[in-house]
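First comes the structure, then the notes that go with it.
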Amino acid sequence: MIARPDIARRFYEAALVEDADYPSAMISLGALASSKKDFREAESWFKQAIAASDKKDKKDPLHYGWALLDLMNLLMAQYKFEEANKYADLLRNADQKPAPAEEYLRRLDAALAKHRRQ
């Protein structure tokens, strides 16, 4: 938990002024929005981070994986399992995966199976 999210937000926004394609700042802003339950804003930031980290001239496979994982988790928390699965497929095929990815992918697979049975 960030003690001063207002200061953190200003810091990340300032980082984006310096580099508009800085996926780490976008992921952090998405996490801040998610912690406030502003899921639309969080989803927007995670999608921007995915796009920024997957540019041909500026590949960043680690941040790409984290942004996919964060977006997948956000969608799962909203019971949007089918949409989460689209990003899970991208994560499964990513060059680099964050350490917890396999566990979260297993959780999504279990949730999808249960959701589809209902």
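Net charge near PRO5: determine it from the other residues with C-beta under 15 Å of the C-beta of PRO5, scoring Lys and Arg +1 and Asp and Glu -1. With Lys, Arg at +1 and Asp, Glu at -1, the neighbours total +1. Name the shape class, rounded, prolate or oblate, that the alpha-carbon gyration tensor gives for region 1-49, where a ≥ b ≥ c are the square roots of its eigenvalues, rounded holds for a/c under 1.5, and otherwise prolate holds if a/b is larger than b/c and oblate otherwise. It comes out oblate by the Cα gyration axes.
Per-residue Karplus couplings for region 45-55, computed as 6.51 cos²θ - 1.76 cosθ + 1.60 with θ equal to phi - 60°, are listed in order as 5, 5, 5, 5, 5, 4, 5, 5, 8, 10, 5 Hz, Gly and Pro entered as x. Under the combined filter of DSSP loop state and at most 13 neighbouring Cβ atoms within 10 Å, region 53-104 retains these chymotrypsin sites (Phe, Trp or Tyr not before Pro): TYR79.
Here's the picture: charge each Lys and Arg Cβ at +1 and each Asp and Glu Cβ at -1 in region 5-117, and of PRO61, MET26, ALA110 the one pushed furthest to the positive end of that dipole is ALA110.
Build a GNM of the chain with springs between Cα atoms under 10 Å apart, and of ALA67, ALA94, ALA25 the one that fluctuates most is ALA94.
Excluding same-chain neighbours fewer than eight residues apart, the lysines reachable from LYS80 by a Cα-Cα span under 22 Å are LYS36, LYS37, LYS47, LYS97, LYS114. Our coupling estimate for region 28-34, obtained by passing each phi through the Karplus curve with A = 6.51, B = -1.76, C = 1.60 and θ = phi - 60°, is 5, 5, x, 5, 4, 5, 4 Hz, Gly and Pro reported as x.
The gain in end-to-end length when the LYS86 to ARG4 segment is fully stretched comes to 26.2 nm, 0.36 nm per residue minus the alpha carbon separation. Helix 101-117 sits at what angle to the longest principal axis of the chain, using alpha carbons and giving 0 to 90 degrees rounded to 10? Once rounded, one gets 50 degrees. A DSSP coil position with no more than 13 other Cβ atoms inside 10 Å describes the following trypsin sites (Lys or Arg not before Pro) in region 17-82: LYS36, LYS37, LYS55, LYS56, LYS58, LYS59.
Only helical DSSP H runs with n ≥ 4 go in: add -39500 (n - 2.57) per run for the chain, normalise by residue count and round the 222 nm mean residue ellipticity to 500 deg cm²/dmol. Counting only the DSSP helices, I get -24500 deg cm²/dmol. When the square roots of the Cα gyration tensor eigenvalues are ordered a ≥ b ≥ c, the ratio a/c for the chain is 1.5 or more and a/b does not exceed b/c, which makes its shape oblate. Compared with the alpha-carbon gap, the fully stretched path from LYS36 to VAL17 is longer by 4.5 nm at 0.36 nm per residue.
Values quoted throughout were computed directly from the atomic coordinates according to the rules given, and no laboratory measurement underlies them. If you're wondering where the values come from, they're calculated on a predicted model, not measured in any experiment. Note that each Cβ is placed from the backbone with ideal geometry, even for glycine, and that neighbours are counted across all protein chains shown.
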